[in-house]
Amino acid sequence: MKLYEQGVYLVNGEKLVVDDAQAAAQIKQMTGKDVDKAEAATQTMAYGILQKHNTSGNMQNLQIKFDKLTSHDITYVGIIQTARASGLEKFPIPYVLTNCHNSLCAVGGTINEDDHMFGLTCAKKYGGIYVPPHQAVIHQFAREMLAGVGKMILGSDSHTRYGALGTMAMGEGGPELVKQLLNKTYDIAMPGVIGVYMTGTPAKGVGPQDIALAIIGEVFDKGYVKNKVMEFVGPGVNNMSVDYRIGVDVMTTETTCLSSIWKTDNLVKEFYDIHGRIGEYSELNPGDVAYYDGMIEIDLSEIKPMIAMPFHPSNTYTIEELNANLMDILDDCEKRAKVSLDGQVDFTLKDKVRNGRLYVDQGIIAGCAGGGFENITDAADILRGTSIGPDEFTLSVYPASTPIYMELVRNGSVADLMETGAIVKTAFCGPCFGAGDTPSNNGFSIRHSTRNFPNREGSKLQNGQISSVALMDARSIAATAANKGYLTAATDMDVNYTKPKYFFDSKIYENRVFDSHGVADSSVDIKFGPNIKDWPAMSALPENLFLKVVSEIHDPVTTTDELIPSGETSSYRSNPLGLAEFTLSRKDPEYVGRAKEIQKAQKALEAGECAGEAVPELKEIVHTVKKTYPDVNHDNFGVGSTIFAVKPGDGSAREQAASCQKVLGGWANIANEYATKRYRSNLINWGMLPFIIPEGDLPFTLNDYIFVPGIRQAVIDKADVIEAFVVKDGQLKPFEMKLGDLTDDERDIILKGCLINYYRG
């Protein structure tokens, strides 16, 4: 794999020409035409799709309107509640509500099923589509029933990626979907476009997860594709089935790219035909001469079976390399764990080594990444006639949709799997985020799923429990299962892959999915369970701001899972205050108490009372500030909390990573940089200031107070630098922060306190 250090031209879809002094002459020799870089940049597939959906008239500052929206049952209640509070009357475009995250209703009373009934009645009232629990995971339903070549889809799940089907899809926090529901736009600067030029054919036994992990391992730490569009081209694309391309595509989220798009061919046409939607197909290719801001060149034939060790998808090795250097790599995992887990528990995988081989406790093939038809049929071919054994090792398989499950039943793959001792379950995302198949304490799971962040599999540090996940492809998971839990690459086994044809049964969805066909029925009453709560009132940004630092995180990257844990907390995602109690619970258990304590001051101000009476320590802070800023008083300042993290926001699009801080009185984050565009957008949409400070020694520490004078006017004036002071020991110690680029609308949202206030006027 090669990453180019400069821009690259793609000529006639086949030849790469580096953007150097000889480029123009080379291209003219090949095409007979002069090249213009600016014109060539408009010839990418990404540019064409973005141009078609841009309403601003300015391709440098985009205002995008999407064709369709999709959410699941962790996010759609909050989104619809926000939109309702902002004036929603009807879904203006197709909006699909799936139920693949909070599907299990055995624990937590009726909370989850109440959310589902909320979703069904909202689909009826506002004119949406409702997919009942266990029918399909969000992204598989979108592939089967929503995608279209040249279309754009916005989803409230970070793995909203349908580029392999010619659809540019993006995963964002819920407020961005609210904007679309209110006929507003998705506003971004024109993103860079990085080509992914593929040649060769994947080796037998190498699966899409192997290709994906190889890419992630190469680009993540370098930030090579961060907030850019990955565009897949080259002859190697044609050597992969559509299922295979989908498996690579869905994992592009873990590179931190903004979106993805692939060229299309007759195999994609066949996919749409199989699903009864041939009208959604068209041929999609870059222009004759297309310019890319960077290029990743991959020879698919050189990729070997991969594994991403705990605790990040970029912590990659070939399985061959892991087996050859087992103890050294496990030692490195322990060192990484000390950083990720803050030393809260002892972690080792060295006790999994038996007779020089790595033993695994659990295998999972599931969800939007692993639950595809081809992944599972290949796994069945590997396992046919074997046994997973009667020891610790278990294997669970979750087909990504009921139509896939049905075809696996009909062609015998389910019987083949179950005969080995594997369990085949319904369409469910649970194993991907800690709501199903949580391993035992010290358990080690290998999964064809999307992420392996700390505790994402469901273990709880606060209870002294730790288990861990490594990401692998379904084929090597099956090979490991065939060897009864001993780590094995699929390429080490001689297998006849039968590649059965897929037949899609549309009757399943016709019989169970509610589709309003865009017709809203205002007479329908929405069903509200007792856990479904409205958003609390949120104040506008004050003239001056006191911030107390209530958490300080120095990990290289902080994931949204660490900001608001997944798993059992999911049942409370319809209850803003209830969910907020879990904020940072696995990373900084004292955060909630600290945040709520300082929030008392803001609540006192809003009630017309004295902030210093509510939080006595604030009296001295305000007194110190007034020596320099005598005009500061209860009428022109606000009080809130902030956290510092080096690089927060990697991973999930969940808006609750920001909104939970907000409802606890958070008014800012301070970071050296933000891991993803979507987390920063979530902060802004909830009225929180996304401050940036340079790397190095912090001017403040935990429990310090920061005073930001004139912050409201600074936002209005688009100030490049924000003056701030640490208030300590009777003194004001100055330092500077920045807010980064903000659109006019984003500034307005921050000034008004949140997106809901912005739309209320």
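Listed here are the residues, each with its yes/no results for (1) over 29 Å from the mean Cα position of the chain (by Cα); (2) in the same structural domain as Thr348 (by TED's automatic domain parsing); (3) not hydroxyl-bearing (Ser, Thr, Tyr).
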residue	(1), (2), (3)
Ser449	no, yes, no
Leu471	no, yes, yes
Ala474	no, yes, yes
Met493	yes, yes, yes
Pro500	yes, yes, yes
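Return the residues of the stretch 58-75 that are surrounded by 13 or more Cβ atoms within 10 Å (Cβ to Cβ) and of a type in the set (S, T, N, Q); say none if nothing qualifies.
Just the residues of the stretch 58-75 that are surrounded by 13 or more Cβ atoms within 10 Å (Cβ to Cβ), to begin with: 59, 61-75.
If the condition is that a residue be surrounded by 13 or more Cβ atoms within 10 Å (Cβ to Cβ) and of a type in the set (S, T, N, Q), then Asn61, Gln63, Thr70, Ser71, Thr75 are the ones that fit.
So the check is Cβ under 9 Å with 6+ separation or different chains; which pairs have a first residue in the stretch 26-50 that's under 27 Å from Lys228 (Cα atoms) and a second one that's assigned to a helix (DSSP H, G or I) and among the hydroxyl-bearing types (Ser, Thr, Tyr)? Cβ pairs passing all conditions: Ala41/Tyr47.
Among residues of the stretch 314-339 that are within 24 Å of Lys222 (Cα to Cα) and in the same structural domain as Arg357 (by TED's automatic domain parsing), those with a beta-carbon under 6 Å from a residue that is exposed (fewer than 14 other Cβ atoms within 10 Å of the Cβ) and not polar (S, T, N, Q) at least six positions away or on a different chain give the pairs Leu330/Lys350. Note on the stretch 1-57: enclosed helices (runs of 4 or more DSSP H) holding 2 or more residues that are over 27 Å from the mean Cα position of the chain (by Cα), in the same structural domain as Val289 (by TED's automatic domain parsing) and surrounded by fewer than 19 Cβ atoms within 10 Å (Cβ to Cβ) are 23-31, 37-41. Taking the residues in the stretch 345-373 that are polar (S, T, N, Q) and more than 26 Å from the chain's Cα centre (by Cα) as candidates, determine which candidate is nearest to Arg161 (Cα to Cα). Among residues in the stretch 345-373 that are polar (S, T, N, Q) and more than 26 Å from the chain's Cα centre (by Cα), the one nearest to Arg161 (Cα to Cα) is Thr348.
Would you pick out the residues in the stretch 78-98 that are at pLDDT below 95 and touching a Gly at 6+ places or on another chain (Cβ under 7 Å)? Residues satisfying the conditions are Gly78, Ile79, Thr82. Here Thr450 clears all of (1) in a loop (DSSP other than H, G, I, E, B); (2) surrounded by fewer than 24 Cβ atoms within 10 Å (Cβ to Cβ); (3) β-branched (Val, Ile, Thr) except the condition numbered (2).
Out of curiosity, is Ala214 of a type in the set (A, V, I, L, M), modelled with pLDDT of 95 or more and under 30 Å from Asp492 (Cβ atoms)?
Values: of a type in the set (A, V, I, L, M): yes; modelled with pLDDT of 95 or more: yes; under 30 Å from Asp492 (Cβ atoms): yes.
Judged against the criteria, Ala214 is a match.
Return the total of residues in the stretch 181-217 being crowded, with 19+ Cβ neighbours inside 10 Å and either on the phi > 0 side of the Ramachandran plot or in a helix (DSSP H, G or I) (or both). Count: 12. Among the candidates Gly363, Gly367, the residue that is touching a strand residue (DSSP E or B) at 6+ places or on another chain (Cβ under 7 Å), under 18 Å from Glu457 (Cα atoms), surrounded by 14 or more Cβ atoms within 10 Å (Cβ to Cβ) and outside the structural domain of Ile211 (by TED's automatic domain parsing) is uniquely Gly363.
Among the conditions (1) surrounded by fewer than 24 Cβ atoms within 10 Å (Cβ to Cβ); (2) polar (S, T, N, Q); (3) part of a helix (DSSP H, G or I); (4) touching an Asp or Glu at 6+ places or on another chain (Cβ under 9 Å), Gln462 misses just one, which is (4). Apart from one condition, Glu606 fits all of (1) closer than 26 Å to Ala671 by Cα; (2) touching a residue at least 60 places away in the same chain (Cβ under 8 Å); the exception is (1).
In the set (1) touching a helix residue (DSSP H, G or I) at 6+ places or on another chain (Cβ under 6 Å); (2) assigned to a loop (DSSP other than H, G, I, E, B); (3) at pLDDT 95 or above, the condition left unmet by Phe311 is number (3).
Given the residues Ala714, Ala719, Ala724, which is the only one that is of a type in the set (Gly, Ala, Ser), buried (at least 23 other Cβ atoms within 10 Å of the Cβ) and on the phi < 0 side of the Ramachandran plot? Talk me through it step by step, then tell me what you get.
Values: Ala714 fails: buried (at least 23 other Cβ atoms within 10 Å of the Cβ); Ala719 fails: buried (at least 23 other Cβ atoms within 10 Å of the Cβ).
The conditions single out Ala724.
Evaluating Val622 against the criteria (1) surrounded by 19 or more Cβ atoms within 10 Å (Cβ to Cβ); (2) in contact with a strand residue (DSSP E or B) (Cβ under 7 Å, 6 or more places away or on another chain); (3) of a type in the set (Val, Ile, Thr) leaves one unmet condition, (2).
Just name the residue that is farthest from Arg680 (Cα to Cα) out of those in the stretch 187-243 that are charged (D, E, K, R) and touching a strand residue (DSSP E or B) at 6+ places or on another chain (Cβ under 6 Å).
So in the stretch 187-243, the residues charged (D, E, K, R) come out as 187, 204, 210, 218, 221-222, 226, 228, 231, 243.
If we keep only those that are touching a strand residue (DSSP E or B) at 6+ places or on another chain (Cβ under 6 Å) too, we end up with 187, 210, 228, 231.
Working: Asp187: 13, Asp210: 30, Lys228: 15, Glu231: 24 Å.
Among them, the one singled out is Asp210.
Residues in the stretch 120-143 that are in a helix (DSSP H, G or I), closer than 24 Å to Pro399 by Cβ and of a type in the set (Phe, Trp, Tyr): Phe141 alone.
The values are calculated or read from the model by the stated rules, or taken from the named source; none is laboratory data. Keep in mind that this is a model prediction, so the values were computed, not measured. Don't worry about glycine lacking a Cβ; one is built from the backbone with ideal geometry, like all the others, and counts go over all protein chains shown.
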